[in-house]
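The values are calculated or read from the model by the stated rules, or taken from the named source; none is laboratory data. Treat the numbers as computed from the prediction; the structure is a model and nothing was measured. Don't worry about glycine lacking a Cβ; one is built from the backbone with ideal geometry, like all the others, and counts go over all protein chains shown.
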Amino acid sequence: MAKIMVVDDSKIMRKILTGTLTDAGHEVIKDAANGKDALDALETMEIKPDLITLDITMPVMDGIEALKNIREKYPDVKVVMVSAAGQKSKVLEALKAGALDFLQKPFEKEDVVAVIGKFVNNA
């Protein structure tokens with residue numbers, strides 16, 4: 001199905017998302033612990049991901065700043081934000097900056113598959 005990059009500062013969350021996406025038939029081609037690592041990886045990847053899941057709150061470079069850079073440099077890559085409860089203003093900011101949708105933590109695996117599926121089933 002789709003090639004996906006998972007970006008989250010929580011190693012456990014990266015593992016959960018990777019497992020969920022892999023079980024749904026997608027290929028997680030890269031994971032990163034913050035926005036800067038994700039952008040650095042994108043620069044060197046020959047094959048770009050179809051979609052990136054991007055946590056909002058991360059050290060070094062947060063998801064909002066990373067999203068703005070991704071939209072500017074890689075406009076064809078789809079981005080779905082991942083946010084903790086209580087970050088509504090940040091989610092709205094991300095949607096205005098070009099995110100397609102968001103997943104709220106904690107989430108159910110079915111919700112992840114449904115949201116991602118809206119944007120990559122044809123990838």
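Before moving on, here are some points about what is shown:
- If you filter region 71-110 down to residues that are out of contact with any helix residue (DSSP H, G or I) (no Cβ under 7 Å at 6 or more places or on another chain) and aliphatic (A, V, I, L, M), you find that the one that is nearest to Ala2 (Cα to Cα) is Val82.
- One residue alone among Val60, Val6 is within 24 Å of Glu93 (Cβ to Cβ), of a type outside the set (Phe, Trp, Tyr) and in contact with a Ser or Thr (Cβ under 9 Å, 6 or more places away or on another chain), and that residue is Val6.
- Conditions (1) surrounded by fewer than 23 Cβ atoms within 10 Å (Cβ to Cβ); (2) closer than 17 Å to Phe119 by Cα; (3) at pLDDT below 95; (4) of a type outside the set (S, T, N, Q); number of the one not met by Ala94: (1)
- Enumeration of residues in region 65-91 that are of a type in the set (D, E, K, R) and surrounded by 17 or more Cβ atoms within 10 Å (Cβ to Cβ): Lys78, Lys90
- Of residues in region 44-64 being more than 19 Å from Phe119 (Cα to Cα) and either modelled with pLDDT of 95 or more or hydroxyl-bearing (Ser, Thr, Tyr) (or both), the one surrounded by the most Cβ atoms within 10 Å (Cβ to Cβ): Thr57
- Region 16-42, residues that are over 14 Å from Val82 (Cα atoms) and free of Cβ contacts under 8 Å to residues at least 24 places away in the same chain: Gly19, Thr22, Asp40
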